[in-house]
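Enquirer: The structure is given below, and queries will be raised subsequently.
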Amino acid sequence: MTAKRSVVLGCGSYLPQKVLTNAELAARIDTSDEWIVQRTGIRQRHIAAEGEFTSHLAINAARAALEHAGLDAQAIDLIVLATSTPDHTFPATAVAVQNELGIHHGAAFDLQAVCSGFVFALATADNFLRSGAYKRALVIGAETFSRILDWNDRGTCVLFGDGAGAVVLEAQDQPGLPSDRGVLTTHLRSDGRHKAKLYVDGGPSTTQTVGHLRMEGREVFKHAVGMITDVIVDAFDATGATADSIDWFIPHQANKRIIDASAHKLHIAPQKVVLTVDLHGNTSAASIPLALAVAVKDGRVKKGDLVLFEAMGGGFTWGSALVRW
Ligand code: UT7
């Protein structure tokens, strides 16, 4: 019995040129490189240039993913773009990407699940591909969080950065076995009781302003590891995969301490964990595809490898995905 799977054909990423180091931040606000590294593992982040929008980062990442896949943009009939920092309130940033790529067929839309956005977008595209509605999808995570930070709030402004990553998925018939290539399972969760712990204090319907990111960091931290590990256990239960059988763990890159604690709790070996939080900071929906692109480019992730993604963020939202490369 065959099964339709969303197979990853390629991935790509883009980071704005400007790098902002911890030392530069320490010169502006009451913080230090030592505090930031110790508490988060972050050493630097990239910041979009004036006039460089989320769509620009997304287009560059999408082009890199298409090139890696060896595919012409016209082959794409679905674009799902995860972002909390769109170019405009509407239309969706995804249609700007679609237009720039010269695609005028199929569908393109944004999806907003904050830091869990990439996993939510991957799950959404996977369901559309497996249903037969579309054939090939671009799944993009792209953010310019630098635009919604309060640069005087040391509790948040040191944590985030800008960037974009993308994958190309294709619906393919696979044997229907655990050894299948493609997205094997996805698990999405939300719980709005926690919405005030991580939010932006503006929006079109409330303040008619963009607003700034506000976070009770300690509260988010407290819930993170439990939520992350729960949803990974769901992925293991659904597929029979284990901490030993996965080849790579590519988590949302918010805080090295959260990543280390999650891997430790699940008995995932440290050498299987892909870490880019030191170089990128927390890029929200972009962090997983950015980390993935690094690990594919440096040869760690190879065809046939079992790759585990997880993310947790504002809402709260959280989710996992297990993909055979
Ligand atoms: O991606 C979405 C999900 N988001 C997350 O996963 C973030 C989760 N939270 C965290 O990563 C951590 O809670 C933080 C990195 C945000 C903070 O680390 P923490 O160990 O929880 O520190 P804290 O908030 O408990 O603050 C400890 C101290 C405080 O000083 P007092 O009250 O002990 O005197 C803060 O004022 O550190 C102070 N502090 C800073 N000091 C230097 C807070 N931010 C800074 C800073 N530099 N940037």
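Enquirer: Carbon and sulfur: what percent of the stretch 2-121's accessible surface (1.4 Å probe)?
Expert: 50 percent
Enquirer: Kindly provide the helix-only [θ] at 222 nm of the chain, computed as the sum of -39,500 (n - 2.57) over DSSP H runs of four or more divided by all residues, to the nearest 500 deg cm²/dmol?
Expert: Rounded to the nearest 500, it is -9500 deg cm²/dmol.
Enquirer: Can I ask one more? Which entries in Lys4/Lys222; Lys197/Lys302; Lys222/Lys272; Lys195/Lys265; Lys135/Lys195; Lys18/Lys297 show an alpha-carbon gap greater than 30 Å?
Expert: Check vs 30 Å cut-off fails for Lys4/Lys222; Lys197/Lys302; Lys135/Lys195.
Enquirer: For the stretch 135-178, which whole percent of the accessible surface, found with a 1.4 angstrom probe, sits on carbon and sulfur atoms?
Expert: Roughly 48 percent, rounded to a whole number.
Enquirer: GluC sites (Glu not before Pro), restricted to the stretch 16-111: which are DSSP loop and have at most 10 other Cβ atoms within 10 Å?
Expert: Answer by residue number: Glu50.
Enquirer: Rounded to the nearest percent, how much of the accessible area of the stretch 202-282 (1.4 Å probe, protein heavy atoms only) is carbon and sulfur?
Expert: Within the stretch 202-282, the accessible surface is 56 percent carbon and sulfur.
Enquirer: For the chain, what's the relative contact order in percent, using C-alpha pairs closer than 8 Å and at least 6 residues apart?
Expert: Relative contact order for the chain comes out at 26 percent.
Enquirer: While we're on this one: Once you wrap a convex hull around the alpha carbon atoms of the chain, what is its projected area averaged over all directions, in nm²?
Expert: 15.4 nm²
Enquirer: Let me ask something additional. Taking only the Cα atoms of the stretch 187-262, how large is their convex hull per residue, in Å³?
Expert: Hull volume over Cα atoms, normalised by residue count, gives 122 Å³.
Enquirer: For the chain, what is the accessible area per residue in Å², given a 1.4 Å probe and the full set of protein chains?
Expert: 42 Å²
Enquirer: At a Förster distance of 35 Å, what's the computed FRET efficiency of Trp151 paired with Glu100, Cβ-Cβ distance as r, to 0.05?
Expert: Efficiency at R0 = 35 Å is approximately 0.75.
Enquirer: Running a GNM on the chain with Cα contacts under 10 Å, which residue among Gly163, Gly132, Gly12 ends up with the highest mean-square fluctuation?
Expert: Between Gly163, Gly132, Gly12, it is Gly132 that shows the largest mean-square fluctuation.
The values are calculated or read from the model by the stated rules, or taken from the named source; none is laboratory data. Please read these numbers as outputs of a predicted model, since none were measured by experiment. Note: ideal-geometry Cβ built from the backbone for every residue, glycine included; neighbour counts use all protein chains shown. Side chains included, ligands, DNA and RNA excluded: accessible areas come from the protein's heavy atoms. Shrake-Rupley method; radii C 1.70, N 1.55, O 1.52, S 1.80 Å.
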